[in-house]
Amino acid sequence: MTRVGRFIGQHLIMVLGLIVLLYLFAPIVVVILMSFNQPKGRLSYTFDGFTWDNWANPCQPYGLCDAVSTSLRIGLLATVVATALGTLMAFAMVRHRFRGRSATNLFIFLPMASPEIVLGSSLLALFVSSGFGGRLGFWTILIAHVMFCLSFVVVTVKARLAGMDSRLEQAAMDLYANEWQTFWRVTFPLVFPGIMAAALLSFSLSFDDFIITNLNAGTTVTFPMYVWGSAQRDIPPQINVIGTAMFLLALIFVLAGEVTRRRRARS
Amino acid sequence: MSAVGQLSAASQTPAPPPPRSGRRLTAYLLLLPGGLWLLLFFVVPLVSLLAASLYDPNGSIEDGFSMTWSFGNFADTMADYARPFGRSLWYALLTTAFCLLLGYPLAYAIAMKAGRWKNLMLALVIAPFFTSFLIRTLSWKLLLSDNGFVVDALKWLHILGPDGRLLATTAAVVTGLTYNFLPFMVLPLYASLEKIDRRLIEAGGDLFAGPLTTFRVVTLPLSMPGVVAGTLLTFIPAAGDYINAQLLGTPKQRMIGNDIQRLFSAGAYPTAAALSVTLMAAIVVLVLIYVRRAGTDDLV
């Protein structure tokens, strides 16, 4: 009985876990499959036939590639700003003790704990009441994206910093490096993977955001807004091409990171 | 996305080194730009949302809204929107329960059983984030459609009647919500399971506790920080979501987010703001009660 119990304990959980992973992957398989779909009618969202056409002409649906480019620009800018500001905050939180530290912690956590619809609608309320209601667009989206990415950057970089061995920095100082040299030669390279992870996270959050963006976008159309709009009418298969391409790109990014990490660990 | 997993890991931040003279100022300078951004675009907006919820509901975008301290807005909106409101909280609760049910075995398998496949499995949990979640939700529409294989399989198993359908039902909306927020449950759970000292679990076995008893007495209590963090990270966004209800449900499954979005686009700012404030308040209250009960206040 105990042996059976142990066997179940060892394998049942793994099997359950793999089934859950399957659930997580089912829609992605559909996205990849549908990127090769040749729909019979404009409103058809079933797999009707295989074609390479969608991959050959990803920009065919009107406005799709403009929306993607808007999302890319906003994503890159928001990532740069949020990563810079958030990294500074993370350093302050981990390396310094100051009055109001725990309040600051809570203040950073709150945006992550607020529903997107509340974040988006409150920003809209601010923009409208301060007379920017007619000027919603690229810049208001950017402001919103930096705001919700910031906390995630702080948390990610903070975790990396907290896990860092501070004796390495002390060793550098013992070897007569000044604070500046210690920072750029020791601290920064060690924290860099954390900063990169935060940047990647920011970009994917920004590129994917719909609820907050939709409230503050005015007439600007980002990629998720394009998808939303077409979901109400017809869904061009090219949307799945963009989705699959993003997925593959990110996968390559992650795999490359993992490979370099392993190589470094070996040497 | 590791940030989510590190939410609970970050709570373990060791106390910072004692301040050296003049370093306190550095701390404030480092915090200033980001803090200012959050103040201007997170705190101030919340205040203006609160203000907007008290505007005269008879105003319009063209004429502007006047501040009349109309606390009645809250009573009026609650009378009109109590049902979608309750539905949102109910769906969020269901979603959280399913996420916990599905997420715990997965997180446990990764943390305890995966061995050298650990990193790969973690990457697979995060991977769905790399395609737009709107597109993924649309895929569910296809998977759950009336002639899809999921419906066929359930009919074959007689779980679903011959005319049964999944799309445009509560089940579809909760399936989509669970799917969308599952990684937010798995990552914090993994982070706290991973930290458990294996020797404690072995000790349970040494003391003649069966695997289930060991799990109940040792593993589960030690993973509570992850359970709390994961619950909050799924419940909160699920309660405010309207994408799944819109794409996978019908107006019968309408959630409060649908109404807030619709009212804002229609320019009914006071009503929309009142609903938004109520949602936020309800969530804050629920979270406080939950965190009190669960006894873990080291979230941040």
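The values are calculated or read from the model by the stated rules, or taken from the named source; none is laboratory data. All of these numbers come straight from a predicted model, not from anything done at the bench. Neighbour counts are summed over all protein chains in view; Cβ atoms, including those assigned to glycine, are modelled from backbone coordinates with ideal geometry. For the accessible areas, the whole protein counts, side chains as well, though only heavy atoms, and no ligand, DNA or RNA atoms are used. Shrake-Rupley method; radii C 1.70, N 1.55, O 1.52, S 1.80 Å.
Looking across the range A:41-77, the residues that are outside any helix (DSSP H, G or I), open to solvent by less than 30 Å² (accessible area, probe 1.4 Å) and modelled with pLDDT of 80 or more come down to A:Thr51, A:Pro61, A:Gly63. Filtering the range B:279-293 down to residues that are more than 9 Å from every other protein chain (Cβ to nearest Cβ) and open to solvent by 30 Å² or more (accessible area, probe 1.4 Å), which residue is modelled with the highest pLDDT? By that ranking, first place goes to B:Ala281.
Residue count for the range B:26-50 satisfying the condition of being in contact (Cβ under 8 Å) with a residue 60 or more places away in the chain and surrounded by fewer than 20 Cβ atoms within 10 Å (Cβ to Cβ): 1. Within the range A:208-225, being more than 14 Å from A:Ile143 (Cα to Cα) and in contact with a Pro (Cβ under 9 Å, 6 or more places away or on another chain) holds for A:Asp208, A:Phe210, A:Ile211. Pairing each residue of the range B:96-109 that is at the interface with chain A (Cβ under 7 Å from one of its Cβ atoms) and farther than 18 Å from B:Arg198 by Cβ with any residue that is aromatic (Phe, Trp, Tyr) and part of a helix (DSSP H, G or I), provided the two are 6+ apart or on different chains, yields C-beta distances under 8 Å for B:Leu102/A:Tyr23. The one condition from (1) open to solvent by less than 30 Å² (accessible area, probe 1.4 Å); (2) assigned to a helix (DSSP H, G or I); (3) more than 18 Å from A:Ala159 (Cα to Cα); (4) of a type outside the set (Lys, Arg) that B:Leu193 does not meet is (3). Inspect all residues belonging to the range A:88-102 and state whether any of them is facing chain B (nearest Cβ under 7 Å), among the aromatic types (Phe, Trp, Tyr), open to solvent by less than 40 Å² (accessible area, probe 1.4 Å) and not in a helix (DSSP H, G or I). Yes, the range A:88-102 has at least one match. If a residue must be of a type in the set (Gly, Ala, Ser) and at the interface with chain B (Cβ under 7 Å from one of its Cβ atoms), how many such residues does the range A:103-130 contain? Counting residues in the range A:103-130 that are of a type in the set (Gly, Ala, Ser) and at the interface with chain B (Cβ under 7 Å from one of its Cβ atoms) gives 6. A:Val155: more than 18 Å from the chain's Cα centre (by Cα), modelled with pLDDT of 85 or more and either crowded, with 17+ Cβ neighbours inside 10 Å or small (Gly, Ala, Ser) (or both), yes or no? For A:Val155, the condition - more than 18 Å from the chain's Cα centre (by Cα), modelled with pLDDT of 85 or more and either crowded, with 17+ Cβ neighbours inside 10 Å or small (Gly, Ala, Ser) (or both) - is not met. Here B:Ser88 fulfils each of the conditions (1) in contact (Cβ under 8 Å) with a residue 40 or more places away in the chain; (2) more than 10 Å from every other protein chain (Cβ to nearest Cβ); (3) not hydrophobic (A, V, I, L, M, F, W, C) apart from (2). The condition of being under 22 Å from A:Phe253 (Cβ atoms) and either buried (at least 20 other Cβ atoms within 10 Å of the Cβ) or of a type outside the set (Phe, Trp, Tyr) (or both) holds for only one of A:Ala197, A:Ala144, A:Ala177, that being A:Ala197. If the condition is being part of a helix (DSSP H, G or I) and within 13 Å of chain A (Cβ to nearest Cβ), then the range B:203-228 contributes B:Gly204, B:Gly205, B:Pro211, B:Leu212, B:Thr213, B:Thr214, B:Phe215, B:Thr219, B:Val228.
Looking at the range A:215-237, which of its residues are in contact (Cβ under 8 Å) with a residue 40 or more places away in the chain, buried (at least 21 other Cβ atoms within 10 Å of the Cβ) and not in a loop (DSSP other than H, G, I, E, B)? Result: A:Leu215, A:Asn216, A:Phe223, A:Pro224, A:Tyr226.
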